[in-house]
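Engineer: Before I ask anything, here is the structure I am working with.
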Amino acid sequence: AETITPAEFIHALIRLAYIKFGNLIGVHDKFIWLMKRHILTHEKIIEVDDKLALDMDTPKMKTLNADKKRKGSLKKTFARYGEKRDGQQVMTLSQFMGMLKSANILPQDEFLTERECRYCFLAVNDDETSTLEPMGGMTADSAIIVSYAGFCECLARLARAKFIIPKYDPEDTSKPGKLKPLAPAYKEFVDDLIQRTHGLDFLALKRVGLTM
C-alpha cells in the first residue's frame, strides 16, 4: 500500500525508535527520544509555533520576564524543583512534571493534560543546554533538560495551551491565524504557578514522591 493509517504511522515511529535507541531501557523512552531529537525539532514549520517564537521576543514578554520580583520568584521555583549539572541549573522532564503535580496543576486542570504538558516540555528548542543521547540505563525523562530560558518557554507553551489554543479556530476565514496575545496569558499562568509553589514544604513533597 502507498498510504498508511494514523495508527500504522505511530507503529512505524515506534519501530524506528526501537532500532535507533536500543540502549534506552524501555519502548516509551525510545519513542520520547525519537520525538525530541528528530520529530519536534522541525516543529517551527507549524504556523501556531511560529507565532509563539515571535511572541516570546516581543517587548511585552521581555518586560514580564525582566520584572525583578517575578523573575526572582520564578528562578527560585526553577532551582527548587530542578538540579545542577556541570555547574548549570537545569530542569529535567521528570522534575517539570513533578512541579506541575505538586502545584496541583496536574491532574486538576481542565485543558492541561499530562500528555499536553509533556509535549510542551519536549517541544522546547533550548540553545543553552546540550542534551546528548542518554547513556545505557538512563531514562529519557531524566536525560532531557532545559535551562531557565527553556523553562520560561515551557511555561509560555502551557499558557498558550490553557488560555489561547482552546479559543483558536484555524478554519475561521474571517480572521485566519488570529491568536490572542501571549503576554496576558503568560502573566496569568506564571503568577498563578508562583503562588501555588510559594511556601510549599518541598522536603515533605519529595518524601511522598510528588517531586523528582
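Engineer: Please find, within the range 111-127, the residue that is most open to solvent (accessible area, probe 1.4 Å) out of those that are touching a residue at least 24 places away in the same chain (Cβ under 8 Å) and not in a helix (DSSP H, G or I).
Structural biologist: 111
Engineer: Restricting attention to the range 66-88, report how many residues are small (Gly, Ala, Ser) and open to solvent by less than 60 Å² (accessible area, probe 1.4 Å).
Structural biologist: Residues meeting the conditions: 4.
Engineer: Test of understanding: among 29, 50, which residue is at pLDDT below 75 and crowded, with 17+ Cβ neighbours inside 10 Å?
Structural biologist: From the options 29, 50, the qualifying one is 29.
Engineer: Something else about it: Have a look at 137, 177 and point out the one that is over 23 Å from residue 59 (Cα atoms), modelled with pLDDT under 80, open to solvent by less than 60 Å² (accessible area, probe 1.4 Å) and outside any helix (DSSP H, G or I).
Structural biologist: 137
Engineer: Now, a different point. Need the failing condition index for residue 107 against (1) modelled with pLDDT under 95; (2) part of a helix (DSSP H, G or I); (3) open to solvent by 50 Å² or more (accessible area, probe 1.4 Å), just the number.
Structural biologist: Looking at each condition in turn, residue 107 falls short on (2).
Engineer: Could you tell me whether the range 185-196 includes any residue that is at pLDDT below 85, surrounded by fewer than 16 Cβ atoms within 10 Å (Cβ to Cβ) and not basic (Lys, Arg)?
Structural biologist: no
Engineer: Further question: Would you please list the contacts, defined by Cβ atoms under 9 Å and residues six or more apart or on different chains, that run from a residue in the range 185-198 that is farther than 16 Å from residue 81 by Cα to a residue that is among the acidic types (Asp, Glu) and open to solvent by less than 90 Å² (accessible area, probe 1.4 Å)?
Structural biologist: Pairs found: 186/55.
The values are calculated or read from the model by the stated rules, or taken from the named source; none is laboratory data. As the structure is a prediction and not an experimental result, all values here were calculated from the model. Here Cβ is always computed from backbone atoms with ideal geometry, including for glycine, and neighbour counts include all displayed protein chains. Just so you know, the surface numbers come from the protein's heavy atoms only, side chains and all, with ligands and any DNA or RNA stripped out. Shrake-Rupley method; radii C 1.70, N 1.55, O 1.52, S 1.80 Å.
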